[in-house]
Amino acid sequence: MKIIEEEQVRKLLTPEKCMDVMQKTLMDLELGKCVMPQRLICRMPNTAALGFMPAYTGDYFGAKAITAYEPNMGTGYPSHIGYVMLFESRHCTVCGMIEAGSITEIRTGCVSAVATDLLAEKNAHKMAVIGAGAQARSHLAAIRLVRKITEVTVYDKNPAASELYAEEMKKKYGISVKTCGSVESAVADADIICTVCPAKEAYLTKDMVKLGVHINAVGTFSPTTREVASDLIGAARLYSDHTPSCRKESGEYLIPLKEGIITESHIIGSVGELLLGKVPGRQSKNDITVFDALGLAVEDISSAELVYLESKK
């Protein structure tokens, strides 16, 4: 059994390789080639959440066990800590344990990039990120592969985090990165918006964004939390990473549904269905599109499989 830690994961799981695997995985999920029970989340009194996410993807299966602990943000500890346990399907032996925080970070940005490539305007080049942590970094790393990003705006409730992000991304990619003092100023002129912070209440509303924008809503994953307000969801073309999961777990969908602002048919389809040509994408340059990402166990297992196989070369 191999134990593969973060440093090696980051060397082996490049955004380019991961995006290809995510496209295949999302299509395989819609084609019924994968098995993925609903995740189990155990919430602790200290506000930490332990997620257990099992899945079968074909030649491999396994589960991710990971903690999400918001108070770690901005400290020396990561906000997500855990491992993916990977099994091979032929004899059901354990192949390895792969550090899960880096897998979660990289594959999430790559899935959003797949959605962005399908849904954003082709000439989109101005990107806003709300939250300046690991996901803000992974999203820029991946989305710049599918759109020519020339300008980035960033807002974080911790101004020091925004400043550090801007400094790092300017140096790494040689593009303009501007820190902003509010969500409104960050998203006002954005073609692509990535909301990547663990919000409890919606903060992105319809009047803040321009027509034609594409939004990747990534930071929340429970029925009672969301980043995007009901009026914006109601005005948008809504897509999921997995529609059955979205109907059970997504506050972005469930809250406006309960309010009567949208109906069950408001979810047009999943990214996998878009890739397979089963549902339509953007219909006009003025469409607002929202990709609501909960994060899927199949994405973790497929990413872990890629890391494991690459480590054997």
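The values are calculated or read from the model by the stated rules, or taken from the named source; none is laboratory data. Computed from a predicted model, the values in this text were never measured in an experiment. Because the Cβ atoms are built from the backbone with ideal geometry, glycine has one as well, and the counts that use them run over all protein chains shown.
Laid out as a table, the results:
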quantity	calculated
Selection count, the stretch 215-247, where residues are over 14 Å from the mean Cα position of the chain (by Cα), under 20 Å from residue 299 (Cβ atoms) and either free of Cβ contacts under 8 Å to residues at least 12 places away in the same chain or in a strand (DSSP E or B) (or both)	2
Qualifying residue in the stretch 102-117 (condition: farther than 23 Å from residue 70 by Cβ, among the β-branched types (Val, Ile, Thr) and in the same structural domain as residue 270 (by TED's automatic domain parsing))	yes
Verdict on residue 218 being of a type in the set (Val, Ile, Thr), within 17 Å of residue 201 (Cβ to Cβ) and buried (at least 24 other Cβ atoms within 10 Å of the Cβ)	yes
Residues of the stretch 1-35 satisfying the condition of being among the aliphatic types (A, V, I, L, M), in contact with a strand residue (DSSP E or B) (Cβ under 6 Å, 6 or more places away or on another chain) and in contact (Cβ under 8 Å) with a residue 40 or more places away in the chain	1, 3, 4, 9
Within the stretch 218-237, considering residues that are of a type in the set (A, V, I, L, M) and in contact with a Ser or Thr (Cβ under 8 Å, 6 or more places away or on another chain), the one farthest from residue 195 (Cα to Cα)	236
Tabulated pairs, the stretch 77-97, first closer than 15 Å to residue 4 by Cβ and not assigned by TED's automatic domain parsing to the domain that holds residue 56, second outside any strand (DSSP E or B) and not charged (D, E, K, R), C-beta under 8 angstrom, 6+ apart or interchain	none
Residue within the stretch 139-149 that is under 17 Å from residue 227 (Cα atoms), surrounded by 24 or more Cβ atoms within 10 Å (Cβ to Cβ) and in contact with a Phe, Trp or Tyr (Cβ under 7 Å, 6 or more places away or on another chain) present	no
Qualifying residue in the stretch 251-262 (condition: in contact with a helix residue (DSSP H, G or I) (Cβ under 8 Å, 6 or more places away or on another chain) and either in the same structural domain as residue 26 (by TED's automatic domain parsing) or in a loop (DSSP other than H, G, I, E, B) (or both))	yes
Test: residue 81 is surrounded by fewer than 24 Cβ atoms within 10 Å (Cβ to Cβ), under 18 Å from the mean Cα position of the chain (by Cα) and on the phi < 0 side of the Ramachandran plot	yes
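Per-residue answers, yes or no, for (1) under 30 Å from residue 5 (Cβ atoms); (2) of a type in the set (S, T, N, Q); (3) crowded, with 20+ Cβ neighbours inside 10 Å:
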residue: 250; (1), (2), (3): no, yes, yes
residue: 256; (1), (2), (3): no, no, yes
residue: 259; (1), (2), (3): no, no, no
residue: 264; (1), (2), (3): no, no, no
residue: 272; (1), (2), (3): no, no, yes
residue: 278; (1), (2), (3): no, no, no
residue: 289; (1), (2), (3): no, yes, yes
residue: 302; (1), (2), (3): yes, yes, yes
residue: 311; (1), (2), (3): yes, yes, no
